[in-house]
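Written below as structure tokens is the structure these notes are about.
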Amino acid sequence: MDALGFTVCDPPHDVPGTSCLSRLWDAPLAPYGREPYGPGPLCCRLDALPLAPDRLAHLLLSPGEWEFWRRMRAVDKRRHEWLLGRAAAKDAVRRLVEEHAGVPLAPSEIEILPDPYGRPRAAGPWAARLGIQPAISISHSHGTAVALAALRPGQLVGIDLENLDQRRENFEAIAFAPDERRMLAAMPPESRQEWALRMWCAKEAVAKALGRGFSAGIQAFHITGAETGSGVVQLELCDRALEHFPRLRGIPLTAYTAREKDFVFATTIYQQGAVE
């Protein structure tokens, strides 16, 4: 047990849930498999606050994060989901570091900070000491938070989670180009809403992995194919996104999408090298 009262995470192959706040969630990684060397990417999921929010924040957050939490002016739902996301992300990083380096970390030793473009990154003295920089992506919806993390150098990860109850006015017209809407229109009517959300999640996941979000516009992430059997969605960058990532011109990007009960999610794991 660490100084803050948390039990150190068991190795990821043990039964999760007894030591970390969140649980391992294998569904988003189903098509990627286990890497033959080193710790592969992993995903953690947390469906409810395990403690009163202020108590959890006190145990979980670094001093800087605590100050941000204290000053956060948002509705309780937003504040709670932010805290859930931090808990899931810190658990994912703790598990990876424990597996990779055998070093137990307390949650407060991992500070989740935004980079200059807003992408979350895991920071702390341990990162330089161990020579590692985990890549992380966080998403939350309807009181559930998920975090995807990877340790392989240059590996980019993105995850997005949405609830099927979320319906935005003019959603498809805003999110999709005419040919993307035709792709949706060709799908069975009973699955159209789900696949519209899958395609949206795929764009979100890729945008998060590349680190600029939708700063280039939603339709700069263009869907070229959707496999309803496998859940795989193919995308290419266009327009202003290519100003950020010119080396990705004409390069297909892949996101895996799936549905679990009322949630739809997408993940992408991309090996950096083509991205400047």
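The values are calculated or read from the model by the stated rules, or taken from the named source; none is laboratory data. Small disclaimer: the values here were computed from a predicted structure and weren't measured. Cβ placement follows ideal geometry from the backbone for every residue including glycine, while neighbour counts extend to all protein chains displayed. Keep in mind that these areas ignore ligands, DNA and RNA; they rest on the heavy atoms of the full protein, side chains included. Shrake-Rupley method; radii C 1.70, N 1.55, O 1.52, S 1.80 Å.
Return one whole number: the accessible area per residue of the chain in Å², for a 1.4 Å probe. Display every interim value, and only then the final one.
On the way: 12560 Å² over 276 residues.
In whole numbers, the chain has 46 Å² accessible per residue.
Straight Cα distances below 14 angstrom link residue 261 to the aspartates and glutamates 47, 162, 165, 194, with same-chain residues fewer than 8 positions distant left out.
Applying 1/(1 + (r/R0)^6) with r as the Cβ-Cβ distance of residue 249 and residue 58 and R0 = 35 angstrom yields a FRET efficiency of 0.15.
Ignoring any ligand, DNA or RNA, what whole percent of the accessible area of the chain comes from carbon and sulfur when the probe is 1.4 angstrom?
On the way: 6610 of 12560 Å².
The nonpolar share, carbon plus sulfur, comes to 53 percent.
Overall, the anisotropy analysis places segment 135-174 in the oblate class: the square-rooted eigenvalues a ≥ b ≥ c of its C-alpha gyration tensor yield a/c not less than 1.5, with a/b not exceeding b/c.
Subtracting the Cα-Cα distance of residue 171 and residue 30 from 0.36 nm times their residue separation leaves 47.9 nm of extension gain.
Quick one: net charge of residue 53's neighbours, Cβ under 13 Å, K/R +1, D/E -1?
Working: positive: 55, 70, 77, 78, 79, 86; negative: 54, 76, 81.
Net charge in that neighbourhood comes out at +3.
If each DSSP helix of 4+ residues adds -39,500 (n - 2.57) and the sum is divided by the residues in the chain, what number results at 222 nm, nearest 500 deg cm²/dmol? Kindly include the intermediate steps, with their values, before the conclusion.
Values: 8 runs with 88 residues, N = 276.
When only DSSP H runs of four or more count, the value is -9500 deg cm²/dmol.
Give, as a single signed number, the net charge of other residues whose beta carbon lies under 14 Å from the beta carbon of residue 133, with Lys and Arg counted +1 and Asp and Glu -1. Within the 14 Å Cβ shell, the charges total +2. With a cut-off of 13 Å between beta carbons, the residues surrounding residue 253 carry a summed charge of +2, where Lys and Arg count +1 and Asp and Glu -1. The stretch between residue 117 and residue 51, if pulled fully straight at 0.36 nm per residue, gains 20.6 nm over its current Cα-Cα span.
What FRET efficiency, computed as 1/(1 + (r/R0)^6) with R0 = 41 Å and r the Cβ-Cβ distance, is obtained for residue 71 and residue 129, rounded to the nearest 0.05? Calculated transfer efficiency: 0.85.
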